[in-house]
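To start, the structure itself, in structure tokens.
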């Protein structure tokens, strides 16, 4: 555990890459960023990525069923999770079909993660469409230098109803000459928090492979491949049947990075990535289903970073590619088509008087299903000193309409009635946000990060039920305004004891109370969320302990869901969770750790989603053995 008193503020906060897609200090990053490092991840009581994110300011998590999660940022919680971009080592994981992220299919174990960067605020200027409210960047552990290094994990647990969870993972990495690489595998079986014996368990098997070649001291060529097979509940705001759904995904990326090409050209990166997804099911559905859907996309891009005198930096980039979605629920004239897309951006930064940082970015994208060329922008001014920084940021971002929203046509096979039909030409949902943030270290042991923001949500997606059995989509005509505040604090009470806390408040200033969009409904977002935790390292680093508690204020759902639609009315009452973890290195000579993790949700029969057959939360006890 690092001693805060020995670090200045910039060293303490560390580096981040997700805010501008280049490494920079968190102190001067033009966005609100929370970084979970390897120590925090390992010492937490979480056994899944979404459960780890529950403890981050501005993040809301819903567990619909084992392995099926919705993660949202800053008041955009609802019944879809297509408002944030999720990256694994720079590769986006959002589905091309509906923009959602299948958290139960991400092929990485918590023990294989170096850090997670959570950027809150509109960042479409950096990542293009769908970076509506932010980005979550998951960074794998880098290949070991020199001789090969092995990491291994095996664990098992049980919830308060006697249902089991088990996980296993292994990775090997190393460097030989100009080559470095990593191979990681992981698997999971999870039936905890199932609603009943008929609820599908969560099964996952997958992995990633990374190989890098240092062609010259300034040029590297890398290849990353990954994939997973997962089985989980089909539960979704359009699918109310909790039946097994199989998702198979593969992805790959090639990057060539050339640095120091000239005094002006700091770096040039050329990259290409491909992805494919198949959805299937072992059982037939009575209503809408994603069964039989296939998607794929390919993208080629380049980024050049320039440096000029007087601390002026400029990044320019562009990308282009094709994608396709083939699914039974799409209109016959729309399914299986190859669709082009492209984008371009400019990102500039300027340092004045060694204390003032200016940043501005603009991006344009023509996406496969968007209504013409769309633009996003961001600008910020940051004043930073030894013990504090002040930042003012304004930006706008958007997400693409999904294939379901613009191109679907689902016909009931029993009646030949059209139950769902997309609406071509929908405008992208857009957010415009202004935020004022600060990072303050009033004393060497204490760091405080307050942020206040206001956001305008416009063109939100609304599902139209006229006539009753048919669902179409339209843009909400009125805008919604949110006022929010986040406060994060870290305090080193003792040399071996760190206390972390955060609280988030959301206050809706303007909205149409009788309209329920798929995201951004005030009733479906907790007004107050909070977290308090402590972690410690003892016995010369061989023993780690952590304890924490979280709280979310009530949420209320009164809406139509499923196809044909059902009226769902659910109150998710005050919810609290208590977590504890302990890890001990069994011998000094061998890095073998025994861990115990306990998570308890209160009340014990708590349900946090309105969908039928959703998870009933309780207590999980998990024991693991890790070779680090």
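Meeting the requirement of 2 or more residues that are within 25 Å of the chain's Cα centre (by Cα) and free of Cβ contacts under 8 Å to residues at least 40 places away in the same chain, the strands (runs of 3 or more DSSP E) wholly within the stretch 437-492 are 446-458.
Here the stretch 354-375 is the region considered, the condition is being assigned to a strand (DSSP E or B) and in contact with a helix residue (DSSP H, G or I) (Cβ under 7 Å, 6 or more places away or on another chain), and the residue that is surrounded by the most Cβ atoms within 10 Å (Cβ to Cβ) is 363. Take the conditions (1) more than 27 Å from the chain's Cα centre (by Cα); (2) not in a strand (DSSP E or B); residue 523 misses just one of them, which is (1).
Only residues that are more than 18 Å from residue 195 (Cβ to Cβ), touching a strand residue (DSSP E or B) at 6+ places or on another chain (Cβ under 9 Å) and surrounded by fewer than 20 Cβ atoms within 10 Å (Cβ to Cβ) were counted in the stretch 572-601, giving 15.
On inspection, residue 281 does not qualify as in contact with a strand residue (DSSP E or B) (Cβ under 6 Å, 6 or more places away or on another chain), at pLDDT 95 or above and within 30 Å of residue 245 (Cα to Cα). You will find that of 143, 122, the residue that is more than 16 Å from the chain's Cα centre (by Cα), touching a residue at least 24 places away in the same chain (Cβ under 8 Å) and under 26 Å from residue 275 (Cα atoms) is 143 and no other.
So is residue 562 farther than 30 Å from residue 583 by Cβ, surrounded by fewer than 21 Cβ atoms within 10 Å (Cβ to Cβ) and without any contact (Cβ under 8 Å) to a residue 12 or more places away in the chain or not? So residue 562 fails the test. Annotation: of all residues in the stretch 146-171 being assigned to a strand (DSSP E or B) and without any contact (Cβ under 8 Å) to a residue 40 or more places away in the chain, the one that is farthest from residue 347 (Cα to Cα) is 164.
The helices (runs of 4 or more DSSP H) found entirely in the stretch 14-132 that carry 2 or more residues being surrounded by fewer than 22 Cβ atoms within 10 Å (Cβ to Cβ) are 38-43, 49-53.
Of everything in the stretch 526-545, what is assigned to a strand (DSSP E or B) and out of contact with any helix residue (DSSP H, G or I) (no Cβ under 7 Å at 6 or more places or on another chain)? Give them in sequence order. Within the stretch 526-545, 528, 529, 530, 531, 532, 533, 534, 536, 537, 538, 543, 545 qualify. Residues that are under 20 Å from residue 108 (Cα atoms) and either surrounded by fewer than 21 Cβ atoms within 10 Å (Cβ to Cβ) or under 20 Å from the mean Cα position of the chain (by Cα) (or both) occur at least once in the stretch 255-274.
The condition of being within 21 Å of residue 293 (Cα to Cα), surrounded by 16 or more Cβ atoms within 10 Å (Cβ to Cβ) and modelled with pLDDT of 90 or more does not hold for residue 432.
The values are calculated or read from the model by the stated rules, or taken from the named source; none is laboratory data. Owing to the predicted nature of the structure, the values given are computational and were not obtained by experimental measurement. We place every Cβ from the backbone using ideal geometry, glycine too, and count neighbours over all the protein chains shown.
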